[in-house]
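Beneath this line is the structure, given in structure tokens, with notes to follow.
The values are calculated or read from the model by the stated rules, or taken from the named source; none is laboratory data. Note that the coordinates shown come from a computational prediction; the quantities given were computed from them, not determined experimentally. Here the Cβ is made from the backbone with ideal geometry for all residues, glycine too, and neighbour counts use every protein chain on show. With ligands, DNA and RNA removed, areas are computed over all heavy atoms of the protein, side chains included. Shrake-Rupley method; radii C 1.70, N 1.55, O 1.52, S 1.80 Å.
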Amino acid sequence: MQILITKNGIKIWLSMDKITFKDGKWIVPDQPVILYTDGDGIGPEIMDVARKVVDAAVKKAYKNKKINWKEILVGDKALKEKNDRFPQESQDAINEYRVLLKAPLGTPIGTGFKSINVRIRVMLDLYSNIRPVSYMAGLESPLKHPENVNLTIFRENTDDLYMGIEWKYDSPEAGEIRDFLRNKFDINLGDDTGIGIKPMSKYKTQRITRAAAKFAIENHKKEITIMHKGNVMKYTEGAFREWAYETLENEFGDYISKDDSKKILVNDIIADNMFQQIITRPENYEVILAPNIDGDYISDAAGALIGNIGTLGGANVGDDAGMFEAVHGTAPKYTGKNIADPLGLIRGAQLMLKYMNWYEAQGIIEQAIGKSIETKKVTNDLAKFFNVKPLGTKEFGDSLVEIIEKL
Ligand code: NAP
């Protein structure tokens, strides 16, 4: 939709519509509708701050641009108001608008409903989970040289054990599968064995590999590391390694090679070793390409290296959609206390602005965060490192907006 406004006697048409996609590229009108959901736990508090900070930065950076936020109900709030955690109308809006800033959503362990985070990833086919991790001066890291941590994790987001193909040990399905394995392959599993299936496909490996390769090339990275446990899981994680190498060699051979002959070096590393390597030699890793489960674990471990996962954001991106979030969860113990750090969600929103090509606004937020840290205006999680009185979640947000307005 377009609207006509008059500014200083000049008539200007402004586009107020949804973001669309062509060949993987984002086409962003000046006033796009972007969905948000408050999430559970600390979600509403940090979302309020994140949207205010983004709005202030966009206003500072551009004359005509503005985000038209549209709320969708998901999680506890949706259950309360609509008696459904993921109402059809929210699903329809996600399918239509395709770009979402999402606060954390709670998921029960071992029982209960299926993760809505995972359902959204599947609905929009958000196959790349991208988590940049770099050190922020002032944080108390367990490393001697945390400033060496500057890596980006590309985690496959749609394949692997996260597909949730599993059966409880005492279900008829688990019984049937055990019988099948026994009769057909002479594999004997006890009757108390639960069953999970680990699927991994060439197609899904290839597309996450392409995303990581394009990122590495565009951002002048020198190294890509394929993480896997292919020595044990030969036909899933081992195949991931093989298909990733094959894709890089066949499609990006001008830039990437296994030796030093090209600009980007590709190597691979077994998952357990990856964990010790990012602690002992973080400077050696720039882009880590990982299957879904490995990527999940290594993301939090990498986050811990910089001292605080509360300050990390992540992007879930496909060919024609994106969902942006904090890496952390609902932090239930801080709910409603005006204590939580909103930086993780703000970082997620910065990634969204990058995908929108609104680099100026994202840069303004980066500057504001830098100034805030410099002047030790921080929330409780960081204040303890700086030995200062913390700002509440809301007050921290107000302070960031004030800094942005004065830039
Ligand atoms: P969590 O919510 O990330 O919280 C773990 C700890 O991290 C907190 O106790 C707190 O540590 C710190 N923390 C996290 N976010 C913070 C923030 N914004 N400000 C300050 N400190 C923060 O992890 P969890 O307790 O394992 O998970 C709780 C729920 O969140 C679960 O239902 C889980 O399924 C869900 N979850 C959702 C997502 C998502 O929506 N993408 C991601 C992960 C987890 P201290 O105790 O040291 O202060």
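Selection within the stretch 328-338: residues that are more than 7 Å from the ligand (Cβ to nearest atom) and touching a residue at least 60 places away in the same chain (Cβ under 8 Å). The member of this set that is farthest from Asp76 (Cα to Cα) is Asn338. Within the stretch 117-138, being open to solvent by 10 Å² or more (accessible area, probe 1.4 Å) and either assigned to a loop (DSSP other than H, G, I, E, B) or in contact with a Lys or Arg (Cβ under 9 Å, 6 or more places away or on another chain) (or both) holds for Asn117, Asp125, Tyr127, Ile130, Arg131, Pro132, Tyr135, Met136, Ala137, Gly138.
Out of all the residues in the stretch 341-350, is one or more crowded, with 22+ Cβ neighbours inside 10 Å and more than 13 Å from the ligand (Cβ to nearest atom)?
Taking every residue of the stretch 341-350 in turn, at least one turns out to be crowded, with 22+ Cβ neighbours inside 10 Å and more than 13 Å from the ligand (Cβ to nearest atom).
Residues considered: Ile187, Ile217. Of these, the only one that is among the β-branched types (Val, Ile, Thr) and surrounded by 12 or more Cβ atoms within 10 Å (Cβ to Cβ) is Ile217. Looking only at the stretch 82-108, residues that are within 16 Å of the ligand (Cβ to nearest atom) and surrounded by fewer than 18 Cβ atoms within 10 Å (Cβ to Cβ) come to 2 in all. With the requirement that a residue be of a type in the set (Gly, Ala, Ser), at pLDDT 90 or above and either within 14 Å of the ligand (Cβ to nearest atom) or in contact with a helix residue (DSSP H, G or I) (Cβ under 8 Å, 6 or more places away or on another chain) (or both), what does the stretch 304-320 give you? Of everything in the stretch 304-320, those that are of a type in the set (Gly, Ala, Ser), at pLDDT 90 or above and either within 14 Å of the ligand (Cβ to nearest atom) or in contact with a helix residue (DSSP H, G or I) (Cβ under 8 Å, 6 or more places away or on another chain) (or both) turn out to be Gly313, Gly314, Ala315.
Scanning the stretch 372-381 for residues that are over 13 Å from Ile346 (Cβ atoms) and either buried (at least 16 other Cβ atoms within 10 Å of the Cβ) or within 22 Å of the chain's Cα centre (by Cα) (or both) yields Lys376, Lys377, Asn380, Asp381. Look through the stretch 140-165, keep the residues that are surrounded by fewer than 17 Cβ atoms within 10 Å (Cβ to Cβ) and part of a loop (DSSP other than H, G, I, E, B), and return whichever of them is modelled with the lowest pLDDT. The selected residue is Glu140.
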